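**Q** Mind having a look at this structure? Questions to follow.
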Amino acid sequence: VYPGTSKTLKPMLLLAHIDVVTAKRADWVRDPYKLIEEDGYYYARGIADDKFQAAVWADTLIRMRQEGYKPQRTIKMALTCGEETDNAFNGAAYLTKEKRDLIDAEFALNEGGGGRTDGKGTLMVQTLQVGEKVYQDYKLVATNPGGHSSQPVPENAIYDMSRALEKIAAHEFPAEFSDTTRAFFTKAGAMRKDETGAAMVKLTTTPDDAAAMALVNKDKALHSMLRTTCVATMIDGGHALNALPQRVEANVNCRIFPGHSREEIKGELAKIIGNDAIKISYGRDDKPVAKPPALDKRLVGPMEKLAAKHFPGVPVIPAMSTGATDAVYTGGAGIPTYG
């Protein structure tokens, strides 16, 4: 906690997680758990998500103290764990549930936003996250009596699951806009000044334009920003090399577009698969539904001024994150959280 001078202004909260997604050394060209500087870039697990932000917060507070700077608002910093780890202790969730008074703030700054370039190094827009999709895992299970592999039968749990996952892979959820994504596509598209940018703007007024949609869908980030997405991320099946599989489990990770419920998407997956033998249940579902914060001019105004100073001509545009962050916990606890 870095004390401020004001007795009336509520504090601000700086939030970042310092855990990282697990990694297998064999999958990396460089050691993922060793910080490496090469050709002007840093390489390591967590460089972008989210140790860099934790370092920025800590360094900023250190510099403020060294320089004797006195902010008006008290500044609180929370560096947490468990954001990336399934079925593990989540620091942000704990703080909002058990230590709410410690992190009480008028607003919080978290990960999620950032700059977007034209692919050639020129910064085009600076985004401010004001919402995110709903995170939901679904567990798919296929079962079979099994038997000896020397006497195979047409019914096979692995084949059943494979067909189910192929149907999910082939399914495209319909495109849709929220107020935030429509504003993003309109403003960011206009800034791009290329075919994709023109297509982004076109879709905001003519969402059924197939040519524009095909062009936008080539960008995986834009594609995911337009719709609910579901993808297989893990699979486990069989118990012996010489036995027919009796049970196969798969995890399907969905990022649900705001306005749709977890129950609705579960039912949609069942329709897509079209096989009652594939049982669908909820996986990790402990995260609350994201609540988009209001665009407070007291917060956005200073951001726009800083962007104009350091990146002339680059607009600050509200955006929805396709990923999930700890903003769902702080936002759900009544602290407007921006990325």
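**Q** Does Gly121 meet the test of being surrounded by 15 or more Cβ atoms within 10 Å (Cβ to Cβ) and at pLDDT below 95? It would help to see each step written out before you state the result.
**A** Details: surrounded by 15 or more Cβ atoms within 10 Å (Cβ to Cβ): no; at pLDDT below 95: yes.
For Gly121, the condition - surrounded by 15 or more Cβ atoms within 10 Å (Cβ to Cβ) and at pLDDT below 95 - is not met.
**Q** Follow-up. Going by what's in this entry, would Arg65 be described as outside any strand (DSSP E or B), touching a Phe, Trp or Tyr at 6+ places or on another chain (Cβ under 9 Å) and touching a residue at least 60 places away in the same chain (Cβ under 8 Å)? Reasoning before the result, please.
**A** Working: outside any strand (DSSP E or B): yes; touching a Phe, Trp or Tyr at 6+ places or on another chain (Cβ under 9 Å): yes; touching a residue at least 60 places away in the same chain (Cβ under 8 Å): yes.
Yes; evaluated as a whole, the condition is true for this residue.
**Q** Quick check on my filter: what residues within region 85-112 are crowded, with 18+ Cβ neighbours inside 10 Å, over 26 Å from Pro302 (Cα atoms) and acidic (Asp, Glu)?
**A** Passing the criteria: none in range.
**Q** Restricting attention to region 239-256, does a residue exist that is within 19 Å of the chain's Cα centre (by Cα) and at pLDDT below 95? First the steps, then the outcome.
**A** As a first pass, look at region 239-256 and keep what is within 19 Å of the chain's Cα centre (by Cα): 251-256.
Still in the list and also at pLDDT below 95: none.
Checked region 239-256: no residue is within 19 Å of the chain's Cα centre (by Cα) and at pLDDT below 95.
**Q** Right, here's the next one. Which of the residues belonging to region 103-146 are in contact (Cβ under 8 Å) with a residue 40 or more places away in the chain, of a type in the set (Val, Ile, Thr) and in a strand (DSSP E or B)?
**A** Across region 103-146, the qualifying residues are Val125, Thr127, Val130, Val134, Val141, Thr143.
**Q** Need pairs with beta-carbon distance below 7 Å; first residue free of Cβ contacts under 8 Å to residues at least 24 places away in the same chain and within region 316-339, second crowded, with 23+ Cβ neighbours inside 10 Å; sequence gap 6+ or separate chains.
**A** Taking only residues 6 or more apart or on different chains, not a single pair turns up.
**Q** Then there is this: Looking at Leu123, Leu109, Leu128 in this structure, which one is over 17 Å from the mean Cα position of the chain (by Cα) and either in the same structural domain as Val56 (by TED's automatic domain parsing) or not β-branched (Val, Ile, Thr) (or both)? Spell out how you get there, then give the answer.
**A** Numbers: Leu109 fails: over 17 Å from the mean Cα position of the chain (by Cα); Leu128 fails: over 17 Å from the mean Cα position of the chain (by Cα).
Criteria check complete, one pass: Leu123.
**Q** Could you list, in sequence order, the residues of region 1-44 that are among the small types (Gly, Ala, Ser), surrounded by 10 or more Cβ atoms within 10 Å (Cβ to Cβ) and more than 26 Å from Met64 (Cβ to Cβ)? Even if it seems obvious, please write down each step before you answer.
**A** Of all residues in region 1-44, those among the small types (Gly, Ala, Ser) come to 4, 6, 16, 23, 26, 40, 44.
Cutting the leftovers down to surrounded by 10 or more Cβ atoms within 10 Å (Cβ to Cβ) gives us 4, 6, 16, 23, 44.
Within region 1-44, Ala23, Ala44 meet the criteria.
**Q** Suppose we keep only residues that are over 21 Å from Ala190 (Cα atoms) and in contact with a Gly (Cβ under 8 Å, 6 or more places away or on another chain) within region 305-325. Which one would you say is surrounded by the fewest Cβ atoms within 10 Å (Cβ to Cβ)?
**A** Gly323
The values are calculated or read from the model by the stated rules, or taken from the named source; none is laboratory data. Computed from a predicted structure; not experimentally measured. Glycine also receives a Cβ, built like all others from the backbone with ideal geometry; neighbour counts cover every protein chain displayed.
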